[in-house]
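Step one of this worksheet: look at the structure below.
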Amino acid sequence: MSETHFDLTLKAWMERAADQVRTMAPKTAHARGQQALVLAADLLDEALLPYSAAVGEALAESEEAARAAEAVAQADVAMEGAYERLYATAQSNYYLAVADVTANPALLKERLERGMPLPPSGFRALGLDRSRAVMEVALTYANDALGTEHAVVIEAQVAFDGFVQAQKAANAENSDAVLAMQKLFAARDEARRAYVAARQFVEGALSLNENESLRQLMLPLNSMYRSSGRPGDAASADADAPDAGEVVLNDAPPVQPTPVVEPSGE
């Protein structure tokens, strides 16, 4: 059961139980049973206020983090295209440079391979962090070899800056999402305790009134892991309560540099 699914389910159970228990309280014959039911409903309502707010905040922050990740992916695609054009321009510039009889072909080749060691296909295979590092090195080379005013260099710089800003925004949104989940964990613990305590009051009223229907109002929490979220539903679900997930950064293995193709003597 996922983080948000668990909390949305528990929240729905608490809301339903509070409404039903409060409705049944005045219809209960035993005076102490009525008091127990009202107290149970009050416990649920009081816990629902901060819990609902925490669930809503966690959902909102999760969506914002997801959209920020989408922006990073879009910026990465733009940077890949800019790198491809920068690579082609750098190759063409190299061939023109070595045609000069006064040039040092070996030195120019070494600089090109240091500055842009990967072809576009290799660049696209990189993870986000490594592609950023490779693009930064490529821009340093291109600024020197092509000039900062070259149109392709300007395009690549804009794409790189956009990618960096998108990553910064995504990092900030991820931090907010983590903080929201920490708040949710604390609110969840309070909600669980309130649910368990309220259920004990309901069971007390049950013993006073000998009304078996009261038990159907609040199932034990462990039954949630065997249901789809509705009391009495036996559909299978995860066996354990959710824990905080670990964010894994997927970065591709390094790609071997492609040597510069020497111009033929023809």
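Just so you know, all these numbers are worked out from the coordinates, no wet-lab data involved. Values in this document were obtained by computation on a predicted structure and should not be read as measured data. Every residue, glycine as well, gets a Cβ built from its backbone with ideal geometry; the counts of neighbours run over all protein chains shown.
Net length available on complete extension from Leu8 to Ala103 is 27.3 nm, with 0.36 nm assigned per residue and the Cα-Cα distance removed.
Each of Lys109, Lys168, Lys11 was scored by other Cβ atoms within 10 Å of its Cβ. Arranged with the fewest first, they read Lys168, Lys109, Lys11.
Annotation for Val196 and Glu84: the two label points, set 7 Å from Cα along the Cα-Cβ direction, are 5.8 nm apart. In a fully extended conformation the segment linking Glu15 and Gln216 would gain 70.9 nm over its present Cα-Cα distance, using 0.36 nm per residue.
Placing dummy labels 7 Å off each Cα toward the beta-carbon, the span from Leu59 to Arg32 is 4.1 nm. Note on Glu203 and Phe185: the extension gain reaches 3.8 nm, defined as 0.36 nm multiplied by sequence separation minus the Cα-Cα distance. Residue by residue, the range 105-113 carries 3J(HN,Hα) couplings of x, 5, 5, 5, 5, 4, 5, 5, 5 Hz when phi is fed to the Karplus relation 6.51 cos²θ - 1.76 cosθ + 1.60 (θ = phi - 60°); x denotes Gly or Pro.
Note on Thr9, Thr28: ascending count of other Cβ atoms within 10 Å places them as Thr9, Thr28, the fewest first. Working from Cα pairs under 8 Å separated by at least six residues, relative contact order for the range 3-226 is 35 percent.
Couplings for the range 114-125, taken from phi via the Karplus curve 6.51 cos²θ - 1.76 cosθ + 1.60 with θ = phi - 60°, read 6, x, 9, x, 10, x, x, 5, x, 5, 5, 7 Hz in order; Gly and Pro are left as x. Over all other residues within a Cβ to Cβ distance under 9 Å of Leu48, the charged ones net out to -2, with Lys and Arg as +1 and Asp and Glu as -1. Between Asn171 and Arg132, the simple label model (points 7 Å from Cα in the Cβ direction) yields a spacing of 0.6 nm.
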